[in-house]
Amino acid sequence: MKWISKDVQTFLSAKEYIDTAIVPLYSISLEAELKQSAEAVEFISLLTAQVERQFAGRLLLLPPFTYLKKASSEITAEQLKNWELSLAAAGFQHIFYLTADAEWRRQEEKYDGSFIWLPAIPLESMSDGQKITLVDSQVSQLLPLFTQKWQENQGK
Amino acid sequence: MSKERVSRRQFLSYTLTGVGGFMAAGMLMPMVRFAVDPVLRAEEGGEFIATTQKVADLTDEPVRVDFTFKQKDAWYESDVTQSAWVYKGDDGKVVALSPVCKHLGCTVNWNSNKEHPNQFFCPCHYGRYEKDGTNIPGTPPLAPLDVYPYKEKDGYLYLGKAEPRKEA
């Protein structure tokens with residue numbers, strides 16, 4: 001489900017089936033790394049859209065968690081923690097964060113959700129066909145991460 | 001010189017009728033064309049979208065066929081890629097199934113679950129469908145997979161808009 005009124009309506013009526021939330025983490029920079037930050041956002045947004053298409057019936061794709069790259073990492077980390085707590089309170093059993101910002105790798109253990117970190121691939125020079133093939137192959141490698149997590153918790 | 005001479009009056013009336021008819025036709029033709037335009041367009045069947053799949057290459061094993069079309073969402077036009085599971089049935093007819101699970105809209109895969117081979121499997125809530133798209137009772141989906149109408153043109157497969165299947 002996407003974060004649009006039509007999908008959210010479905011979500012409300014089928015809540016018991018949707019136990020997973022995806023939050024893309026976008027780091028924004030307005031200085032030297034502006035271009036890299038745009039590339040990362042482009043790549044991660046294509047990727048999350050594709051993951052959402054695969055698993056539309058079991059997950060809710062949240063609007064991205066966006067933060068300034070130069071902001072203090074403690075404040076950003078705390079804000080994300082707040083998101084996590086609210087999501088958990090709303091009944092989401094599995095939370096996935098998708099990001100291209102390596103900074104999160106050091107914070108990983110503070111959170112219950114799983115981080116999926118991917119190096120951003122610049123897509124600007126690619127044709128549409130190449131983009132689709134690339135994102136498709138990346139996504140097909142990600143899918144088992146989700147199904148594994150679901151199976152782990154099913155056993156409990 | 002023939003006996004029947006054309007009088008000046010006759011010559012003028014023939015010429016005027018000819019030229020007048022020509023002008024009237026010039027005015028009426030576009031009007032008629034506009035009037036019948038919807039009919040002509042319907043004949044082209046513009047809703048079918050070309051895929052890169054050759055009909056001759058299809059076997060009885062479902063393959064994923066991706067196709068892209070333009071979708072307009074309010075003022076935002078975007079390219080949308082959709083997939084279909086396509087195979088040839090026993091009678092040689094092409095079957096094109098929508099991969100969208102009828103339960104909550106996940107994408108189903110062919111033969112991806114080892115415990116249930118030769119079925120369409122939905123990883124979200126373990127919904128399953130037979131090869132012909134019929135939902136298997138006892139799994140979450142309550143309806144068979146949608147079917148794409150198809151056309152063959154120059155050897156390539158063209159797919160229309162997926163339709164819910166009528167109860168067999």
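The values are calculated or read from the model by the stated rules, or taken from the named source; none is laboratory data. Quantities reported herein were computed from a predicted structural model and do not represent experimental measurements. Please note: Cβ atoms are built from the backbone with ideal geometry, for glycine as well, and neighbour counts cover all protein chains shown. Side chains included, ligands, DNA and RNA excluded: accessible areas come from the protein's heavy atoms. Shrake-Rupley method; radii C 1.70, N 1.55, O 1.52, S 1.80 Å.
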Span per principal axis, largest first, for the Cα atoms of the protein assembly as shown (Å): 113, 58, 36
For the stretch B:1-152, the Rg and Dmax computed from alpha carbons only, in angstrom: 29.2, 99
Below 22 Å Cα-Cα, how many Lys pairs turn up in chain A? Only count pairs eight or more apart in sequence, or on different chains, if you could. 17
Residues of the stretch A:9-48 buried by at least 50 Å² on assembly (accessible area, 1.4 Å probe, chain alone as reference): A:Tyr17
Looking at chain B, which Cys residues are left with no other cysteine's beta carbon under 4.7 Å from theirs? none
Counting only other chains, and only Cβ atoms inside 10 Å, what mean value do you get across the residues of B:101-108? 5
A 1.4 Å probe over the protein heavy atoms gives the protein assembly as shown a carbon and sulfur accessible-area percentage of 56
Under a 1.4 Å probe, what is the accessible area of the stretch A:63-156 per residue, stated in Å²? 59
Asked for the total accessible area buried by A and B (1.4 Å probe, Å², nearest 100), one would answer 1300
Residue-level accessible surface for A:Ser73, protein heavy atoms, 1.4 Å, Å²: 40
Taking a quarter of the surface of the convex hull around the Cα atoms of the stretch A:5-145, what do you get in nm²? 9.1
May I ask you to give the solvent-accessible area per residue for the stretch B:49-159, in square angstrom, as obtained with a 1.4 angstrom probe? 54
May I ask you to evaluate 6.51 cos²θ - 1.76 cosθ + 1.60, the Karplus curve with θ = phi - 60°, for each residue of the stretch B:102-112 and list the ³J(HN,Hα) values in order in whole Hz, giving x for glycine and proline? 7, 7, 9, x, 6, 9, 8, 10, 8, 6, 9
Given unit charges at Cβ for Lys, Arg (+) and Asp, Glu (-), the dipole magnitude of the protein assembly as shown about its Cα centre in debye, nearest 20, is 1360
